[in-house]
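Worksheet: the structure to be examined is printed underneath.
The values are calculated or read from the model by the stated rules, or taken from the named source; none is laboratory data. In this text, all values refer to a predicted model and were calculated from it rather than measured experimentally. Neighbour counts are summed over all protein chains in view; Cβ atoms, including those assigned to glycine, are modelled from backbone coordinates with ideal geometry.
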């Protein structure tokens, strides 16, 4: 009887160890079959704008690789940072991923948050970046950037411009341009390019600072580009000078990519990375980007994480220069 009890105890003691030994194998096997259901991709701007259109093309291509739908969910507002914030409460299983615009990297300096943009996001892949510029309606009396500056100097604070949100790259860069030009502008934030363009064309604004979401309206003859912000002129708008040509030491582009919740298994991150990298190479995605003079900008997971770290440090200088840091 005593010997039988000892044997039973030994068997019970061995059971948890056997289960623990089997767990890693089962865990590894589970990730080998990822995904097993649709994936949600949260993007930072409304439907109908350049982000929505290009990311839906990318998601459709990635779905073909993954074997399950990649469902786009639009979460505009808060300067494009809502998708990254949603990652903080999502399971770290790869089924919720999000667009990470540049504004996420300045969030810690401008807003009180209880998470860290570097530590609390698993960076999957960078896919493209925005090209920017300032546009006015074609019937505006502001025919050139010189006209724009002259009007703003003669009418301090009266020249209204819209952007895709407070503390976004279009807003902050325009304020730096205004500082260097010695002018004061009136900023009006919107949730994305689609509603910003409606406001501008509806006569509610005098100008807009935006990504090249304005391209269709320019090509339709409704808007005029006064300047662009890259290191060289954009192919679609060769007549528009760069900021550097206009005498401003400013080059602004805005790479963005895809992140997952902190703690997402490396195997899942790699599977997502590989699928979206292949999706980036599809002609349909390249064509969607070309509609807005955007280009594929690839960074793998490690390079993207390093880019995030460097950008967080660089954005602090911009926030400090504009005096927009959150109160301590």
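Would you confirm whether any residue within the range 136-145 is assigned to a helix (DSSP H, G or I) and over 26 Å from residue 215 (Cα atoms)? Looking through the range 136-145, none of the residues is assigned to a helix (DSSP H, G or I) and over 26 Å from residue 215 (Cα atoms). Only one of the numbered conditions (1) touching a residue at least 60 places away in the same chain (Cβ under 8 Å); (2) under 12 Å from the mean Cα position of the chain (by Cα) is not met by residue 81, and that is (1).
Within the option set 45, 105, being surrounded by fewer than 24 Cβ atoms within 10 Å (Cβ to Cβ), under 25 Å from residue 170 (Cβ atoms), touching a residue at least 60 places away in the same chain (Cβ under 8 Å) and within 12 Å of the chain's Cα centre (by Cα) holds for one residue only, 105. Residues that are in the same structural domain as residue 125 (by TED's automatic domain parsing) and in contact with a strand residue (DSSP E or B) (Cβ under 8 Å, 6 or more places away or on another chain) number at least 3 in the following helices (runs of 4 or more DSSP H) confined to the range 258-328: 266-280, 301-322. Summed over the range 96-135, the residues that are in a loop (DSSP other than H, G, I, E, B) and touching a helix residue (DSSP H, G or I) at 6+ places or on another chain (Cβ under 9 Å) give a count of 9. Here residue 263 meets the list (1) modelled with pLDDT under 95; (2) out of contact with any helix residue (DSSP H, G or I) (no Cβ under 9 Å at 6 or more places or on another chain) almost entirely, failing just condition (1).
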